[in-house]
Each structure stands twice: as structure tokens, then as C-alpha cells.
Amino acid sequence: NDNGSGSAAVLATAQAVAKGHLKPKRHLRFAWWDAEEEGLVGSARYLKKLPAAERKKIDTYLNFDMTGSKNVRQWLVVHDGKEATDAFEDYFAAKKLPTFDIGVGGSDHESFGKAGIPTSGFTTGVGNCLHEACDRIDNVDPKTETMSANAIANVVWKLATTTR
């Protein structure tokens with residue numbers, strides 16, 4: 001679950017965009033980071049090496065960590081970038097799924113927030129096993145993971161097809 005589920009949901013979204021030959025109005029960039037638990041190493045290094053002009057091209061950063069936890073009571077939504085946050089809140093409300101504002105911090109979106117880039121995304125919370133050998137595929141709930149992947153794809157496409 002940590003963080004194969006979030007990575008899989010992002011990959012499913014990227015594949016859907018590619019297979020659908022979709023033509024977004026905004027540029028989409030899909031990325032996966034390393035060493036989040038060791039201090040946001042991958043995302044921080046990426047931003048450090050990214051020229052300022054390229055950083056300014058990023059309208060919103062979306063982060064998904066642990067999107068398939070079992071026994072989810074609510075989706076924990078990062079409330080920073082208004083446009084994306086509102087899109088996630090609207091999506092989950094339409095599905096009658098409760099959410100909770102987790103603010104900013106605690107995962108790779110923190111690196112982007114510190115760089116002045118609006119962020120959003122969500123997690124389904126810590127599962128039964130975290131940072132242990134027991135964190136395996138059987139800790140991912142297929143229904144939760146499907147709902148999360150659908151939310152990501154829906155919001156990414158909504159954001160990608162609107163102009164600013």
C-alpha cells in the first residue's frame with residue numbers, strides 16, 4: 001500500500017490518457033519520487049535541479065500516497081491549491097464519500113508547496129501495516145484503489161481540459 005497503491009493509481013491515469021489519445025489543453029507531467037520517508041529526497045532534488053522558468057510552468061502538483069487502504073472512513077484531501085482541492089472535494093461529494101482536510105505537509109507535496117507551487121491530492125490513510133515487511137499487495141483494498149484511481153483520473157482530466 002505504501003506507496004505502491006498511489007504509484008499504481010497515477011500510472012493508471014497516465015495510461016488512460018495515453019491510450020485514449022486525449023488532447024489536454026494543459027501539459028501533463030507524471031512523476032514518481034524516491035526516498036520520501038528519508039526526507040522527501042526525490043521530490044526535493046527534482047525541484048532543486050529544475051530551472052526556475054520550468055518551476056513557474058507548474059500550475060498545480062498532485063500527490064497520492066497510499067490510495068488503497070482497507071477500512072477507509074474518509075479520503076484525506078490536501079487543501080492547498082484551490083482549483084484541484086475543489087475538484088477533489090466535488091468528486092468525492094458527488095460519490096457521497098466523506099473527506100477530511102489534511103492541510104499541507106507530510107509527503108512529497110510539501111516540497112512543491114515550499115517552492116510556491118499549489119498542491120493537492122489525497123491519501124486513504126495509514127493501513128494495517130506501514131514501513132514493515134507485511135506491507136504487501138493483500139493490504140490494498142481493490143474497491144478503495146479503484147475509487148481512488150477513478151478520482152485521480154477524473155480530476156486530472158478536469159484540470160487538464162480547463163484553461164487558466
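The values are calculated or read from the model by the stated rules, or taken from the named source; none is laboratory data. Since the model is a prediction, treat every value here as computed from it, not as a measurement. Quick reminder, even Gly has a Cβ in these numbers, built from the backbone with ideal geometry, and neighbours come from all protein chains shown. Please note that ligands, DNA and RNA were not included when accessible areas were found on the heavy atoms of the full protein model with its side chains. Shrake-Rupley method; radii C 1.70, N 1.55, O 1.52, S 1.80 Å.
At a glance:
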| item | result |
| --- | --- |
| Test result for LYS70, without any contact (Cβ under 8 Å) to a residue 40 or more places away in the chain, outside any helix (DSSP H, G or I) and more than 22 Å from ALA14 (Cβ to Cβ) | no |
| Residue list for the range 123-136, restricted to those being within 19 Å of the chain's Cα centre (by Cα) and either among the aliphatic types (A, V, I, L, M) or part of a loop (DSSP other than H, G, I, E, B) (or both) | THR124, GLY125, VAL126, GLY127, LEU130 |
| Scan of the range 26-46 for residues that are closer than 29 Å to THR162 by Cβ and at pLDDT 85 or above, ordered by number | HIS27, LEU28, ARG29, PHE30, ALA31, TRP32, TYR46 |
| Among the candidates PHE92, PHE88, PHE112, residue that is within 17 Å of the chain's Cα centre (by Cα), modelled with pLDDT under 90, surrounded by 14 or more Cβ atoms within 10 Å (Cβ to Cβ) and among the aromatic types (Phe, Trp, Tyr) | PHE112 |
| Residue identified as closer than 21 Å to PRO142 by Cβ and under 17 Å from the mean Cα position of the chain (by Cα) among LEU76, LEU28 | LEU76 |
| Hits in the range 96-115 (condition: aromatic (Phe, Trp, Tyr) and assigned to a helix (DSSP H, G or I)) | PHE112 |
| Single unsatisfied condition, GLU54 versus (1) open to solvent by less than 60 Å² (accessible area, probe 1.4 Å); (2) closer than 24 Å to ILE137 by Cβ; (3) more than 16 Å from the chain's Cα centre (by Cα) | (2) |
| Residue satisfying all of: in the range 137-156; hydroxyl-bearing (Ser, Thr, Tyr) and in contact (Cβ under 8 Å) with a residue 40 or more places away in the chain; nearest to ALA16 (Cα to Cα) among these | SER148 |
| Matching option when the condition is under 19 Å from GLY4 (Cα atoms) and at pLDDT 90 or above, among VAL140, VAL155 | VAL140 |
| Selection within the range 44-65 - part of a loop (DSSP other than H, G, I, E, B) and either closer than 12 Å to ILE117 by Cα or of a type in the set (S, T, N, Q) (or both) | LYS56, LYS57, ILE58, ASP59, THR60 |
